[in-house]
Amino acid sequence: MVIADHPITAKAHTNIALVKYWGKLNDQLIIPQNDSLSITLDKFYTQTAVQFLPELAADDVIFDGQVLSDDASLRVRTFLNHVRELAGFDYHARVITKNFVPTSAGLASSASGFAALAGAASRAAGLALNQRDLSRLARRGSGSATRSIFGGFVAWQQGHDDATSFAYPIDERPAWDIAVVVLVLTVKQKKVSSRVGMRLAVETSPFYSAWVTASQADFKTVKTAIQNQDFEALGHTSEQNAMRMHALTLSSDPNFTYFNADSIKAMQLVKDLRLQGIVCYFTMDAGPNVKIICQGADAKQIAQHFQAVFGKDQVLITRPGAGISISD
Ligand code: DP6
């Protein structure tokens, strides 16, 4: 194991879950309560360079050109501690990270961020990890980062401990033409982080165990739909799964929601389009932006429809993206 003598750069794309991860069995190891499944997206990614240097007195984290305060860099530094422990040295690191999201889209994500950091930091530390072990490492930073190691359709097997909880590709380069139209309805920071929101659901929602049962069934349905290229089954179940997750926020104590008025309007418009025969479905994560899953041939028409309502720059068409790439 040799520590790299130059910065190592990794690029990882963000992903959107079709079957969501919402709740942990183990907070420290980030072992989820259910299997989840996502599409890696081509338009949004993080690029991160890492070098471990003996002369540094502390980790130095630069995010989109700004030096991060100790508070803001805490999750990154905790993650680096884990990498140092695996590698068996205590050098600090210089981390330079940049999010590539179209014009302040507000879609920066911990998924691409921790996947890129896992890739760059592990190689910079001289750890030669395979993709599975890389996804286990990324998981320690943020659960959804586990899946951003791979491209296309990706599953995260829940597992029961650090060794068995990892992602694997279902279809890295989907042959069918699928697209995700992203509606940027707000760029504001979310009020309740996923971390806090999902803990609240596990601890207080009376529906939590029903969520686990339903999402395990959804996982099987969506996985089979991918194998059969059954778009309607994939879309319908993904939309149902998203709403089940959001029902957990509404039924938590204190209750809260990630919907805003525009999210609800957008979801209704998706249903109206379906009534007109355009097959598309919505999903939402821990924020008000709505993502529309559709077939590639319909993407432009759907995007134009939503541009007329929410504005031209608020709507982006994305396609399945690639897995992580790491420089030598
Ligand atoms: C709604 O991965 O951000 O996007 O593991 O606590 O960092 P932590 O949470 P995070 O949660 C993602 C939640 C989600 C659903 C999903 O991506 O599966």
Worksheet item: So which of SER215, SER205, SER194, SER252 is at pLDDT below 95 and assigned by TED's automatic domain parsing to the domain that holds LYS271?
Response: SER194
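Could you pull out every one of the strands (runs of 3 or more DSSP E) wholly within segment 1-83 that has 1 or more residues that are free of Cβ contacts under 8 Å to residues at least 60 places away in the same chain and away from the ligand (no atom under 12 Å from the Cβ)?
Numbers: elements: 8-19, 24-26, 36-53, 60-63.
Qualifying strands (runs of 3 or more DSSP E): 36-53, 60-63.
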Worksheet item: Filter segment 303-318 for residues that are surrounded by fewer than 16 Cβ atoms within 10 Å (Cβ to Cβ) and in contact (Cβ under 8 Å) with a residue 24 or more places away in the chain; which is farthest from SER135 (Cα to Cα)?
Response: VAL309
Discussion item. Tell me yes or no: at least one residue of segment 258-276 is in the same structural domain as GLY296 (by TED's automatic domain parsing), within 16 Å of the ligand (Cβ to nearest atom) and free of Cβ contacts under 8 Å to residues at least 12 places away in the same chain.
Written reply: no
Fill in: Residue list for segment 130-165, filter: outside any loop (DSSP other than H, G, I, E, B) and away from the ligand (no atom under 14 Å from the Cβ)
GLN131, ARG132, ASP133, LEU134
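Restricting the search to segment 24-42, which residues are more than 13 Å from the chain's Cα centre (by Cα) and surrounded by fewer than 24 Cβ atoms within 10 Å (Cβ to Cβ)?
We begin by selecting, within segment 24-42, every residue more than 13 Å from the chain's Cα centre (by Cα); these are 24-35.
Passing the criteria: LYS24, LEU25, ASN26, ASP27, GLN28, LEU29, ILE30, ILE31, GLN33, ASN34, ASP35.
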Practice prompt. Mind listing whichever residues of segment 251-294 are over 13 Å from HIS305 (Cβ atoms) and polar (S, T, N, Q)?
Written response: SER251, SER252, ASN255, THR257, ASN260, SER263, THR283, ASN289
Discussion item. Return the residues of segment 62-87 that are in contact with a strand residue (DSSP E or B) (Cβ under 9 Å, 6 or more places away or on another chain) and modelled with pLDDT of 95 or more; say none if nothing qualifies.
Written reply: ILE62, VAL76, ARG77, LEU80, VAL83, ARG84, ALA87
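On the basis of being modelled with pLDDT of 95 or more, aliphatic (A, V, I, L, M) and assigned to a strand (DSSP E or B), does ALA116 make the cut? Steps first, answer last, please.
Details: modelled with pLDDT of 95 or more: yes; aliphatic (A, V, I, L, M): yes; assigned to a strand (DSSP E or B): no.
No: the conditions fail for ALA116.
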Worksheet item: What tally of residues in segment 34-52 results from selecting those that are more than 22 Å from THR78 (Cβ to Cβ), out of contact with any Phe, Trp or Tyr (no Cβ under 6 Å at 6 or more places or on another chain) and not aliphatic (A, V, I, L, M)?
Response: 6
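The values are calculated or read from the model by the stated rules, or taken from the named source; none is laboratory data. None of these values were measured; they are calculated from a predicted model. Note that each Cβ is placed from the backbone with ideal geometry, even for glycine, and that neighbours are counted across all protein chains shown.
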